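Here's the structure, in structure tokens; my notes come after.
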Amino acid sequence: MKKRIFIIFQFIITTTAFALDSTMVVSGGIARTLALGGSPTNPFLLDQTDVLINPAFLKEYSNSIFLELGNDFNNGSAYRANNQSFGASFNIGSLTLGCIIGMREGPMFAENSIGYQSGGSFLACDYMKAALDSYLQSLSVWQTTEPTIPFQIIGAMKFSNATAGISLYFSHWGRNDQGAGSVSAEKTCSVSLEQYGIKGGVLLPLSHKITGDFSGCLRLNRATADYHNTMPQAPLLSSSFSSNGYEMALSTRFLFNISPTLIVIPYVRGEYFKYHPELSYSPIIYLSVPYPNEYWKKKVEFGCGALHHFSKGLVSGGISFQYISLTNDATTKNGNLPQLTHYSRSFLNFPTFQAGVEYALTPWLTGRTGFFKRLTCQTTHTDPPPPLNPTESSTTVELPFIPAYGLSAQEQTLSLGLGISLGNVSINTYVAEQVIGSGTYLLSGIQQSIFGIVSLSYKL
């Protein structure tokens with residue numbers, strides 16, 4: 001009997017080892033970048049998530065399927081699977097084509113917004129939906145929802161030594177009510193949110209040891225609303241809201257191959273976003289519709305780090321500087337006259353430390369740990385109309401993560417993760433410091449302490 005058990009056990013081990021030795025899977029995703037010190041992006045790593053910034057990387061991760069299973073525990077034990085997305089890529093000759101469904105990008109989504117996290121006068125600075133909601137509230141119309149099913153089509157091709165890529169992005173939400181839903185009888189309201197974007201990028205060898213990673217993004221974010229009331233005695237007969245937000249980003253990263261195992265990675269990135277809603281209403285004497293504000297967001301960051309590979313894993317780390325500026329020129333009514341208040345808030349993040357270690361514990365199991373910490377100086381300036389005097393305040397804060405993956409910066413300094421590779425399947429998980437300290441629900445009884453992210457990959 002013992003001999004039979006030994007033979008069966010030996011067969012299982014041998015079969016499993018053979019399967020693991022033939023692994024072809026790409027290991028990566030948001031769970032990996034977070035576990036290795038991301039926020040959640042990490043410019044000092046090479047990962048499949050690089051495709052989201054530079055579509056030329058799709059060529060490096062061809063013939064694969066990628067899934068982000070989402071996260072966010074809220075309201076006790078209730079689970080909302082936010083941040084879910086699906087991606088796939090495949091080769092057609094020298095061309096690699098792919099798509100990503102569900103990846104929420106840009107200022108239509110709260111988790112991408114510094115202004116939304118700051119609140120107050122800065123809520124709508126880079127969360128465009130909030131400006132439309134404010135307008136609709138003045139009409140007693142329901143708030144909007146965010147665009148659904150963001151969709152990207154990606155293509156990448158190798159030209160000689162260089163690789164070029166392009167990505168087209170689209171998302172939409174709309175609602176039309178006629179005497180029902182968000183409006184009462186004899187009223188109509190039509191609302192829409194749309195995004196149209198294009199990304200381009202190139203991976204260009206500058207020498208036998210240096211590769212340039214250059215990319216850019218241009219996106220139009222559009223919000224519209226039209227309201228009509230056919231009742232002749234109504235104070236407001238018609239009104240419209242239209243806003244076009246122009247979003248631009250440029251990113252440059254250099255990969256210096258110092259040795260076969262060591263890469264030094266400096267990078268610089270800039271982003272700009274601006275919009276100014278336009279209003280019209282009839283009759284013109286109606287005073288309840290607010291004046292439109294003008295909003296800006298500017299962001300500059302740069303840093304330098306290194307990526308070192310060794311026989312069973314890697315070590316990465318770096319230091320960076322980041323400056324973010326939010327501006328709101330708010331026009332309010334003083335009687336029938338407009339008056340302007342200038343609000344500005346800046347965030348200076350320096351230094352920001354990111355570090356991560358990835359180590360192969362077995363041929364099929366990889367352990368990860370990471371560290372992320374930053375020091376932020378926040379300055380708020382208000383310049384009201386005369387005769388009021390300008391005010392300014394500064395404080396040291398810890399910003400939440402953008403996109404928000406469930407925890408604040410204070411709650412996630414250290415992180416752990418696992419990578420499991422079985423055949424052509426890769427499962428990558430991430431768990432934050434809060435869970436390590438308090439334990440899961442079964443251990444601590446705290447319903448909201450569970451937090452984790454799972455990324456899946458399958459090599460075709």
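The values are calculated or read from the model by the stated rules, or taken from the named source; none is laboratory data. Small disclaimer: the values here were computed from a predicted structure and weren't measured. A quick note on method: Cβ atoms are made from the backbone with ideal geometry, for glycine too, and the neighbour counts reach across all protein chains shown.
Listing for the model above:
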item	result
One residue from Ser140, Ser215, Ser207, Ser190 being without any contact (Cβ under 8 Å) to a residue 40 or more places away in the chain and under 30 Å from Ser259 (Cα atoms)	Ser207
Among residues of the range 146-173, those that are surrounded by fewer than 21 Cβ atoms within 10 Å (Cβ to Cβ), over 18 Å from the mean Cα position of the chain (by Cα) and either within 21 Å of Phe109 (Cβ to Cβ) or hydroxyl-bearing (Ser, Thr, Tyr) (or both), counted	2
Qualifying positions in the range 299-340 - among the hydroxyl-bearing types (Ser, Thr, Tyr) and touching a helix residue (DSSP H, G or I) at 6+ places or on another chain (Cβ under 8 Å)	none
Search result, residues across the range 184-243 that are among the basic types (Lys, Arg) and either touching a helix residue (DSSP H, G or I) at 6+ places or on another chain (Cβ under 8 Å) or part of a strand (DSSP E or B) (or both)	Lys187, Lys199, Arg219, Arg222
Matching residues, the range 271-294, being closer than 16 Å to Tyr127 by Cβ and acidic (Asp, Glu)	Glu271, Glu294
Subset of the range 236-261 (residues that are buried (at least 17 other Cβ atoms within 10 Å of the Cβ) and in contact with a Pro (Cβ under 7 Å, 6 or more places away or on another chain))	Phe241, Ser243, Gly245, Glu247, Arg253, Phe254
Residue check for Phe44: modelled with pLDDT of 95 or more, surrounded by 24 or more Cβ atoms within 10 Å (Cβ to Cβ) and more than 15 Å from the chain's Cα centre (by Cα)	yes
Strands (runs of 3 or more DSSP E) contained in the range 291-377 and holding at least 1 residues in contact with a strand residue (DSSP E or B) (Cβ under 7 Å, 6 or more places away or on another chain), free of Cβ contacts under 8 Å to residues at least 60 places away in the same chain and charged (D, E, K, R)	294-310, 313-334
Any hit, the range 306-320, residues being over 30 Å from Gly367 (Cβ atoms) and buried (at least 16 other Cβ atoms within 10 Å of the Cβ)	no
